[in-house]
1. Return the whole-Å distance between the Cα centroid of the stretch A:156-172 and the Cα centroid of the stretch A:70-110.
2. For helix B:95-111, what angle does its Cα long axis make with the longest principal axis of chain B, in degrees from 0 to 90 and rounded to 10?
3. For the residue pair residue A:207 and residue B:78, what label-to-label distance in nm results when each label sits 7 Å from Cα along the Cα-to-beta-carbon direction?
4. Name all residues of the stretch A:189-206 having a backbone nitrogen under 16 Å from the label point set 7 Å from the Cα of residue A:154 along its Cα→Cβ direction, giving them as ranges.
5. Which distances, in nm and shortest first, link the residue B:50 label point to the same label point in every other copy, taking 7 Å along Cα→Cβ?
6. So, counting K/R as plus one and D/E as minus one, what does the shell of residues with Cβ under 10 Å around residue A:163 add up to?
7. For chain A, with a Gaussian network of springs between Cα atoms less than 10 Å apart, report the residue from A:91, A:154, A:40 with the top mean-square fluctuation.
8. Can you give the charge dipole size of chain B about its Cα centre, rounded to the nearest 20 debye, using +1 on the beta carbon of Lys and Arg and -1 on the beta carbon of Asp and Glu?
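Every number here is computed from the coordinates shown, using simple stated rules; none is lab data. These figures come from a predicted structure and were not determined experimentally. Cβ coordinates were reconstructed from backbone atoms using ideal geometry, including for glycine residues, and neighbour counts include every protein chain displayed.
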Protein chains: 2
Amino acid sequence: MAASRRAPARRKRPDAYHHGDLRRALVGEAVRTVEAQGIEALTLRAVALRLGVSRTALYRHFADKGALLGAVAAEGFRTLRAALVGAWEAEGRGRKGFVAMGEAYVRFALDHPSHYRVMFGGFALPPDPALADPAGSAFQALVDALVEQQERGEVRDDPPLMLALHVWSLVHGVAMLALDGQLGAGGPPPSAVTQFALERLLSGIEVGVKR
Amino acid sequence: MAASRRAPARRKRPDAYHHGDLRRALVGEAVRTVEAQGIEALTLRAVALRLGVSRTALYRHFADKGALLGAVAAEGFRTLRAALVGAWEAEGRGRKGFVAMGEAYVRFALDHPSHYRVMFGGFALPPDPALADPAGSAFQALVDALVEQQERGEVRDDPPLMLALHVWSLVHGVAMLALDGQLGAGGPPPSAVTQFALERLLSGIEVGVKR
DNA sequence: ACCTGAACACCGTTCAAGT
DNA sequence: ACCTGAACACCGTTCAAGT
């Protein structure tokens, strides 16, 4: 039955029924399509065809296209969170780690532009409130890093939620403008803008002179 | 001929040909539709129908739907620029005026969410390089305000382009997150986030202690 | 339960033809 | 030049039917 020792899971099994985890397979194929060909190339028909499944099989697992896009977005937020936490911990959980976190954020957006648009472009349906919220979880990683720095007296004692929204806004803004090519026209490269922005950001939220 | 003294330009003239400025009319109707019903409600067929014109008349003026969306976006950038310059001048071209400018930016996005998405969502085609670039023109208003403050010694002597991208990223990020409802869930209102962000931003770019 | 095949309503775009 | 009407290829979604 479980012939788990063959080639690394090709496409399109000849089985009549796609037994097992069709839901997962649908999300995976949708993510691949979005990453490789962009949002507008993502049609439900193409996804089904590529999985060797009927066009309507999808509706057993998702209410509509928006729900599928919601799952694609959720997948993106999980990857993003891992990248953020990874950078923060690899660079020492201090100022340097925080800058690395910001850079990792922008890099994620530039490395996965279409996926990032699905996450923030208003296509995806809001997640089921009953389920874990991957977007909130990614955001929480940022809040945690700020609180940790506050406890060490490295960051201003403002409400962490406010600080986190401030930081998120900045990196999200840089990422979006870079994706839109609004930075590109002869101007400085995204990495330079990111570094400058994070530098100025920190000088605005670090503990320092009162004003 | 020019019966310019009738009712304020109803819809759907009974004329066989839509003489005059069909291009303008198309953009206007598209903007109205986007503002009132959202992006996904904007179909070329509906726009044509509402103007009492054939479905294909549009192709005499625009290459495709993306080009029409480009014109819609351009219209948005012109309005945005006017709002920014208005706030800057009305509040005294100083720190207060600059904060007002930032608030005006976020307010524009919140007042015209769908239009704003057209401007930044990657739907619109890039503008004809030969034509004036309304997005660049709106951005220039920001650069000008920063240079003016630098000349008065109120803002750090960093490259104005860099500073402007930094500021734009921040307000754009706040606007996008608010539009996505990512700020909404029990958190502080967008106006509070905007004010906090601008406060911290200024403390990061104003002339002050070296660090 | 899960999947299928045919059908429906809708879309952007093309093109030969009209004035 | 500018506009029209019919047609094409494509899409998301529904639904009765199969196993």
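1. 15 Å
2. That works out to roughly 40 degrees.
3. 5.3 nm
4. A:198-206
5. Result for residue B:50, in nm, nearest copy first: 3.5.
6. Numbers: positive: A:156, B:200; negative: A:157, A:158.
Result for the local shell: 0.
7. Looking only at A:91, A:154, A:40, the largest GNM fluctuation is found for A:40.
8. Details: 26 positive and 22 negative charges, 218 e Å.
Roughly 1040 debye for chain B.
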